[in-house]
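Single-structure report; data block below.
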Amino acid sequence: MKSKNKHLLVIAGPTAVGKTDACLKIAKKFQTEIISSDSRQFYREPLIGTAKPSSEDLAAVPHHFINTLSIHDDYDVKKFEKDTLKLLSELFKKHNLVLMTGGSGLYIDAVCYGFDDIPDIDPAIRKELNSNFDKMGIGFLRKELEKYDPDYFDIVDTDNPQRLIRALEVYRGTGKPFSSFRKKKVNIRDFNIIKIGLEREREELYQRIDQRMDLMISQGLFEEAERFFPFRDLNALQTVGYTEIFGYLKGEYDKEEAMRLLKRNSRRYAKRQMTWFKKYPDIQWFHPSDIQGILQFVENQLKESE
């Protein structure tokens, strides 16, 4: 049975749209705490390429699941679902409303709807897929996934080989698309969920993405990636912002091309994030600057649930 006065406010949106600033203002208004569902921000070691909130932001409002893991830790969406539900049960003792924000749609879905258990997959399948990737590149993985699981292909970060490999190993090991495990069963939560999406005009968003990448580069993104180069095969580092620089460090292209790919792939990632979030039937969209509109919408939702 749902508790009428307990609400999870999900604030979703693509990279660089302005989630951090908006969430800080909203959390302060409701005097509550923020859960990060951004799988890139879980890890302590990456400081520049994951666009975490600043130390000042983290001190201003309590945050959870930021800098809580090492890149060497084994962590997945199912563990996040379990950890977040446990955390929410504690936070709801203090707050009637808790924020969850991020750009990782799979992790948001896990908390809102649940994630069906996936059977253990024969490790030999992943080994074979990794071998295919080494020999034929990421293009092979993309073609395979598009063929066998087009629904997931439409929304997954296609520049992340480990995400592609995970989906393909599930398909090969079970005979069912990875996407089928996401939508087969919806778990009813004992709290209410309010979803807000943040969006900007495409050109405005892409300009912000390019500016953010220029700033990261000036702050030492290439040097940070070079320190991580020995650990480049770890899943935590198979993400936009690092894989492009790893390619440069392996001598596959020059630095100028790496910078071009950083921006291009970040824009592509944002587009796929929006594709994912636009599929939510119960999400209300706002410009990040419309804080008053967001607050009014949330207040109305809270009143309706009373």
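Take every Cα pair under 8 Å in segment 155-306 that's 6+ residues apart, average their separations, divide by the length, and report that relative contact order as a whole percent.
34
For the chain, what's the relative contact order in percent, using C-alpha pairs closer than 8 Å and at least 6 residues apart?
Taking the mean separation of contacting Cα pairs over the length of the chain, I get 29 percent.
Tell me the trypsin sites (Lys or Arg not before Pro) within segment 33-129 that lie in a loop according to DSSP and have at most 16 other beta-carbon atoms within 10 Å.
Taking segment 33-129 and a limit of 16 other Cβ atoms within 10 Å, the loop trypsin sites (Lys or Arg not before Pro) found are Arg44, Lys93, Lys94.
Explain nothing, just the number: relative contact order of segment 1-93, from Cα pairs under 8 Å at least 6 residues apart, as a whole percent.
27
How about segment 179-242: which GluC sites (Glu not before Pro) there are in a DSSP loop, with at most 12 other Cβ atoms within 10 Å of their Cβ?
Qualifying residues, ordered by number: Glu201.
Roughly how big is the chain's charge dipole about its Cα centre, with Cβ charges of +1 (Lys, Arg) and -1 (Asp, Glu), in debye to the nearest 20?
Around 760 debye, computed over the chain.
What's the exposure ranking of Tyr107, Tyr253, going from fewest to most Cβ atoms within 10 Å?
Tyr253, Tyr107
By how many nm would the segment from Asn187 to Leu249 grow when fully extended, if each residue of separation counts as 0.36 nm and the alpha-carbon distance is taken off?
This chain segment gains 17.9 nm when fully extended.
Take every Cα-Cα distance within segment 123-182, group them into 10 Å bins from 0 onward, and report for each bin the whole-number percent of pairs it holds.
Taking every Cα pair in segment 123-182, the percentages come to 26, 61, 14, 0.
How long is the gain from Ile283 to Arg232 if the chain were fully straight, where each residue apart is worth 0.36 nm and the alpha carbon distance is subtracted?
Full extension of this stretch gives 14.8 nm more.
Say we join alpha carbon atoms closer than 10 Å with springs in a Gaussian network model of the chain; which of Met259, Met136, Met213 then has the biggest fluctuation?
Met136
Looking at the chain as a GNM with Cα springs under 10 Å, which of Arg142, Arg163, Arg227 has the largest mean-square fluctuation?
Most flexible of the set in this elastic network: Arg227.
Taken together, the values in this text are just the output of simple stated rules run on the coordinates, not laboratory data. Every value quoted in this text rests on a predicted model; they were computed, and no experiment measured them. We place every Cβ from the backbone using ideal geometry, glycine too, and count neighbours over all the protein chains shown.
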